[in-house]
Amino acid sequence: MEITYTMQGDYLLPKLTLPEQDNRPIGLWGQQHLCYIKRSRPILYTNLLTKYRLNEYLTDIDEQAQKMYDELVRAFAKEEGCTEQLKATNQMLWVRKMNNSAQRAREVVNTELIYN
């Protein structure tokens, strides 16, 4: 590893560059997990931050959580009997059941991925 220097006034300063980082956006699930690891797992947070892997880690968690959430909502909605027929005949019952399915899925994702 070769270090190059530049002259700044009377001093030689090293030319330092940071490694390339993953620039994918972090979604809601990733940001919730970030708050959790900052508060409850500071060593993990510091290690990921100093190794320039924090953003990659959070985007992976976000993608896993979103995929899990979508699958669970579909499964819970099917279990609850949320069909297009129900939506057409009794919209308020359909909304109630879909909200219940979404909340159950949120709780599972939070328990399994975000706060674990």
If neighbour count is taken as other Cβ atoms inside 10 Å, put Thr46, Thr111 in order from fewest to most.
Thr111, Thr46
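Using only alpha carbon pairs under 8 Å that are at least six residues apart, calculate the relative contact order of the chain and give it in whole percent. Numbers along the way, then the final one.
Working: 95 pairs, mean separation 28.5, N = 116.
Computed over the chain, the figure is 25 percent.
Note the full-extension length gain between Leu13 and Asn116 as 0.36 nm times their separation in residues minus their Cα-Cα distance, in nm to one decimal. Don't skip to the end; give the middle numbers.
Working: separation 103, 0.36 × 103 = 37.08 nm, distance 4.34 nm.
Stretched fully, the Leu13-Asn116 segment lengthens by 32.7 nm.
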Given points 7 Å out from each Cα along the Cα-Cβ axis, report the Thr6 to Lys87 separation in nanometres with one decimal.
5.8
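Can you give the FRET efficiency to the nearest 0.05 for Arg106 and Tyr52, using r as the Cβ-Cβ distance and R₀ = 25 Å? Working shown, then result.
Working: r = 31 Å, r/R0 = 1.23.
Efficiency computed from Cβ-Cβ geometry: 0.25.
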Could you work out the equivalent-ellipsoid semi-axes for region 73-116, taking the square root of 5 times each eigenvalue of the Cα gyration tensor, largest first, in whole Å?
25, 9, 5
Using label points projected 7 Å from each Cα along Cα→Cβ, tell me how many nm separate Asp70 and Arg41, to one decimal.
2.4
Test of understanding: express the Cα radius of gyration of the chain as a ratio to 2.2 N^0.38 Å, with N the residue count.
1.70
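Among the lysines in the chain, how many pairs, 8 or more places apart or on different chains, have alpha carbons under 24 Å apart? Write out the running numbers ahead of the final one.
Numbers: Lys15/Lys51; Lys38/Lys51; Lys38/Lys67; Lys67/Lys78; Lys67/Lys97; Lys78/Lys87; Lys78/Lys97; Lys87/Lys97.
Final tally of qualifying lysine pairs is 8.
Every number in this text was worked out from the coordinates using simple rules, so none of it is lab data. Everything numeric in this text was worked out from a predicted model, so none of it was measured. A quick note on method: Cβ atoms are made from the backbone with ideal geometry, for glycine too, and the neighbour counts reach across all protein chains shown.
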